[in-house]
Amino acid sequence: MIIRHFEIKDIKVLQKFRYPEKSDLEILALINEWNKGGCSGRYFEMFSAVNGGEVVGELSIHEYAKDSVNLGIHIFEPYRRKGYATKCLAFALKRATELSYPFAISLVEKDNAIASHILKKHGFIPVNEFINPNGHTFVTYKCTLTKKTTKK
């Protein structure tokens, strides 16, 4: 599996799995925005997870606060339970560490036991629970990426 930025050739798969209501031009505009490396003055990157030439999912990393990034992983339905989410998370944690963010967070629907398990396996701990405006319960997970050092 490789992880790369989205490209023009990925428009149809994005329409199929994520944005069926959007036109080719609208999705191209999204891809162009994603590939800028930032949004509203904050770090942001969106990646595609590709296996055997097929896009199997997406991964977003964006600055949540000055000391943390939010990691979002979405594996498309036909490709789940094959280890892709674990590989995406490992990539995202490495990338966030390279960017010197001390913390990573991820939001997961409370009933998504598989995602919760994967996060816990990688050192995330649940820190709070909330109900979104649509009535779905989510859990916020947090992981320490780097140790802050103090100068003596």
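Some notes on this structure:
- Once the chain from Glu77 to Ile2 is taken as fully extended at 0.36 nm per residue, the excess over their C-alpha distance is 25.2 nm.
- Here Cys39, Cys143, Cys88 are placed in order of increasing Cβ neighbour count within 10 Å, fewest first, which gives Cys39, Cys143, Cys88.
- Residue exposure proxy: Ser40, Ser23, Ser48, Ser116, ordered by other Cβ atoms within 10 angstrom of their Cβ from fewest to most, comes out as Ser40, Ser23, Ser116, Ser48.
- Region 2-144 - charge dipole about Cα centre, Lys and Arg +1 at Cβ, Asp and Glu -1, debye rounded to 20: 440
- Fewest neighbouring Cβ atoms within 10 Å first, the residues Met46, Met1 line up as Met1, Met46.
- Residue-averaged 222 nm ellipticity for the chain, from DSSP H runs of 4+ at -39500 (n - 2.57), nearest 500: -8000 deg cm²/dmol
- Evaluated at q = 0.10, 0.12, 0.13 Å⁻¹: base-10 log I(q)/I(0), Debye formula over Cα of region 2-144: -0.34, -0.50, -0.59
- Length-normalised contact order for region 36-81 - Cα pairs under 8 Å, 6+ apart - percent: 27
- Relative contact order of region 31-131, pairs being alpha-carbon contacts under 8 Å that are 6 or more residues apart, as %: 18
Every number here is computed from the coordinates shown, using simple stated rules; none is lab data. Worth saying up front: this structure is predicted, and the values here are computed from it rather than measured. Heads up, the Cβs are rebuilt from the backbone with ideal geometry, glycines too, and the neighbour counts pull from every protein chain shown.
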